[in-house]
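The values are calculated or read from the model by the stated rules, or taken from the named source; none is laboratory data. Computed from a predicted structure; not experimentally measured. Heads up, the Cβs are rebuilt from the backbone with ideal geometry, glycines too, and the neighbour counts pull from every protein chain shown.
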């Protein structure tokens, strides 16, 4: 078994692909897969699935399945073996926040990899990157690898951060695709428009009275500009650390070009949909949800774009309100809420 540290130079390319706005969702997924392949260096091919949840449906369903770099027989084999996964293995694969190779997720998952390699000779492992919402909707990416692989600690952390961007980017694509542009005063439903040459807010809607928020959005635009510059090649890990997935747990920064081709940066509301907050504040609910998934305080802070101290305070507040004293108790409580979100009693 090899220990693999992913190819760093393509990391920011993948983040940029996550926030692309092609005409349709299938094209968004294809661009993400094309950008993901170089990050792993010697990947065989990549597959991606979009899960959606029609109104009233009990569970999320496969809406789109896309492959990049695969021959026809590879696509068929990948689908066939995905369908062979037991319910327990599938649940591990689809656990929100997953960023690991299939061989390392569980013994059952590893046996499936070994069987796939023995029968097809195509690949021996796959990196699974999960960007799903608590209700099961979102994107899931598998990058097939030639040999059984164990990610290094740094590579695993890198992919979890990339997963946070895919999650935010896909959620943003869906929100903008369903938006009536004529009903919003600013492009793409933005609440702030920033000039990237001066990082000055030139227009704002909704948040115009919150000077602290506007400064946060300006600072985020600066950070992203730095990450996308020379730093992406000289130190891609620092570039990724600099580019947080959200701002204050609510806003995503997005490039936009006007009819004259001038570039602007938009601050767009893009908070995750987490269901009934059960008496928690929005921040407490967000932090408790991700903590219950097993994410570290550092990762939660990165995902939401908030400080470690803010994460700690929100977690303490949530545990107090939910009358739990330990993280395992919190996880059990939040799993119950998540089951209700995924499987409503009146669903079909």
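Scanning for something loosely packed, with under 15 Cβ neighbours inside 10 Å and under 18 Å from residue 19 (Cα atoms), does the range 251-258 turn up at least one residue? For the range 251-258, residues loosely packed, with under 15 Cβ neighbours inside 10 Å and under 18 Å from residue 19 (Cα atoms): present. For the range 280-287, the count of residues that are within 16 Å of the chain's Cα centre (by Cα) and buried (at least 21 other Cβ atoms within 10 Å of the Cβ) is at least one.
One residue is enough: does the range 124-138 have a residue meeting the conditions at pLDDT 90 or above and surrounded by fewer than 18 Cβ atoms within 10 Å (Cβ to Cβ)? No, the conditions are met nowhere in the range 124-138. Counting only strands (runs of 3 or more DSSP E) that fall entirely inside the range 114-215 and contain at least 2 residues that are assigned by TED's automatic domain parsing to the domain that holds residue 76 and at negative phi, the qualifying elements are 125-132, 138-145, 149-151.
Just one of the numbered conditions (1) at pLDDT 95 or above; (2) within 15 Å of residue 199 (Cβ to Cβ); (3) part of a helix (DSSP H, G or I) is not true of residue 240; which one? It is condition (2) that residue 240 fails.
Only one of the numbered conditions (1) touching a helix residue (DSSP H, G or I) at 6+ places or on another chain (Cβ under 6 Å); (2) closer than 26 Å to residue 146 by Cβ; (3) part of a helix (DSSP H, G or I); (4) at pLDDT 90 or above is violated by residue 37, and that is (1).
Results for (1) buried (at least 17 other Cβ atoms within 10 Å of the Cβ); (2) within 21 Å of residue 172 (Cβ to Cβ); (3) within 19 Å of the chain's Cα centre (by Cα), shown as yes or no for each residue.
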residue: 11; (1), (2), (3): yes, yes, yes
residue: 26; (1), (2), (3): no, yes, yes
residue: 32; (1), (2), (3): yes, yes, yes
residue: 58; (1), (2), (3): no, no, no
residue: 63; (1), (2), (3): no, yes, yes
residue: 66; (1), (2), (3): yes, yes, yes
residue: 95; (1), (2), (3): no, no, yes
residue: 103; (1), (2), (3): yes, no, no
residue: 115; (1), (2), (3): no, no, no
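Listed by first and then second residue, the pairs with beta-carbon distance under 6 Å, at least 6 apart or on different chains, first residue in the range 73-84 and within 19 Å of residue 111 (Cα to Cα), second in a helix (DSSP H, G or I) and modelled with pLDDT of 90 or more, are 81/116.
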